[in-house]
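Computed from the coordinates by the stated procedures, all read-outs in this text should not be read as laboratory data. Model, not experiment: these values are computed from the prediction. With ideal geometry, Cβ positions are generated from the backbone for all residues, glycine too; neighbour counts draw on all protein chains shown.
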Amino acid sequence: MQNLKVRTFHPTLRNAMVFVLLSMAFIVLQRSLQSGLPFMNSVFLMGVARDEWPLAVLALPVLYGCWRHRTWSRTAFAVFCTWVAFKGMEGLFLNFDKMVLVVLFFQVVFSYAFYQLLTWTFGLAFFSPNYQADTQHPPMGLKVPAVFTITGSAPLTGRLTNWDRQGAFVHLDVSLPPGAVVGELAVIWEGRPFKAKGAVVAETWDGRGIGIEWQDQLNADGGWAELVALFEDYGNRPGLLR
């Protein structure tokens with residue numbers, strides 16, 4: 001995924017950040033049980049901060065990458081969760097506790113689940129331009145003209161560069177007007193109009209590439225899901241646009 005200006009905070013990224021913080025709390029609580037010191041003891045917390053500094057160092061890039069919606073945060077998340085699992089197992093060898101073992105098991109399970117969710121999220125069409133800035137010129141393998149209409153503004157023409165059932169990415173002929181958030185995307189395919197309303201959740205730095213997440217698929221004239229199914233029947237895939 002190119003570096004994009006993200007206008008929304010996707011729930012998967014937000015929940016992943018919360019999970020990272022809870023994982024750090026799990027290690028701190030495990031250390032508290034091992035040492036027999038209360039969790040809020042200042043001496044204990046200073047010792048944890050001194051001994052567990054790698055945990056914070058690994059957590060920071062994950063939190064930043066998720067906040068900025070960077071694809072590399074998925075790798076940073078995997079490294080962080082591996083370190084948490086290692087520290088959890090190390091603590092069990094030093095002082096076995098059944099409750100900690102159960103919590104560690106669920107931590108590993110949820111780590112894998114969140115990793116898969118991050119993979120899915122970064123693969124969504126509205127977060128994936130599917131083109132390089134210097135390749136938007138003819139000829140292209142497949143051209144799908146699109147028109148994005150914003151209330152009170154002239155229609156913006158462009159071409160579809162990525163799509164799925166949750167949204168689409170469009171390369172416009174001109175830059176998106178400042179402040180534009182919600183609009184209607186229309187795609188004409190085989191003489192039939194397919195429309196969907198959505199919010200611009202991401203855009204390229206030049207304002208000409210926009211990622212749109214659907215809010216209403218306007219089934220009266222042809223729904224977006226129907227267009228995606230039609231593309232699938234014809235074997236049209238976003239990869240053919242390159």
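What do you get for the angle between helix 98-122 and the principal long axis of the chain? Use alpha-carbon atoms, 0 to 90 degrees, nearest ten.
The two axes meet at around 20 degrees.
So for each of 22-33, 49-60, 154-165 I average, over its residues, the number of other beta carbons within 10 Å; can you give me the resulting order with the highest mean first? Please report the intermediate quantities before stating the final value.
Values: 22-33: 16.8, 49-60: 13.3, 154-165: 18.6.
Highest-to-lowest ranking by the protection proxy: 154-165, 22-33, 49-60.
Mind putting a number on the dipole of the chain about its Cα centre? Charges go on the C-beta only, +1 for Lys and Arg and -1 for Asp and Glu, and I need it in Debye to the nearest 20.
Rounded to the nearest 20 debye, it is 380 debye.
Between Ser42 and Arg7, what length in nm is gained on full extension when 0.36 nm per residue of separation is reduced by their alpha carbon distance? The partial results should precede the final answer.
Details: separation 35, 0.36 × 35 = 12.60 nm, distance 3.96 nm.
Once the chain is fully extended between Ser42 and Arg7, it gains 8.6 nm.
Mind giving me the nanometre distance, one decimal, between the label points for Val181 and Val28, set 7 Å out from Cα along Cα→Cβ?
So the label points at Val181 and Val28 sit 3.5 nm apart.
Do any chymotrypsin sites (Phe, Trp or Tyr not before Pro) in segment 179-214 lie in a loop, going by DSSP, with at most 15 other beta-carbon atoms within 10 Å of their beta carbon, and if so which? Don't skip to the end; give the middle numbers.
On the way: sites: Trp189, Phe194, Trp205, Trp214; in loops: Trp205.
Taking segment 179-214 and a limit of 15 other Cβ atoms within 10 Å, the loop chymotrypsin sites (Phe, Trp or Tyr not before Pro) found are Trp205.
How large is the dipole of segment 5-122 about the Cα centre if only Lys and Arg carry +1 and Asp and Glu carry -1, each at its Cβ, rounded to the nearest 20 debye? Intermediate results must be reported in sequence, preceding the final value.
Details: 10 positive and 4 negative charges, 117 e Å.
With only Lys, Arg, Asp and Glu charged at Cβ, the dipole is about 560 debye.
Projecting each Cα onto the charge dipole of the chain (Lys/Arg +1, Asp/Glu -1 at the beta carbon, about the Cα centre), which of Gly88, Phe126, Thr8 comes out farthest on the positive side?
The listed residue farthest towards the positive side: Gly88.
Segment 62-136 to segment 186-201: how many Å between their Cα centroids?
Measuring centre to centre over Cα atoms gives 35 Å.
Around Cys81, under 14 Å between beta carbons, what's the net of Lys plus Arg minus Asp minus Glu among the other residues? Please list the in-between numbers first.
Details: positive: Arg74, Lys87; negative: none.
Charge balance in the 14 Å sphere: +2.
Calculate the radius of gyration of the Cα atoms of segment 19-174 to one decimal place, then report Dmax, the largest Cα-Cα distance, as a whole number, both in Å.
23.0, 69
With springs only between Cα atoms under 10 Å apart, run a GNM on the chain and tell me which of Val100, Val48, Val84 wobbles the most.
Top of the fluctuation ranking is Val48.
Cα to Cα, under 19 Å, and not fewer than 8 places away if on the same chain: which lysines meet these conditions relative to Lys98?
Within the straight-line limit of under 19 Å, Lys98 reaches these lysines: Lys87.
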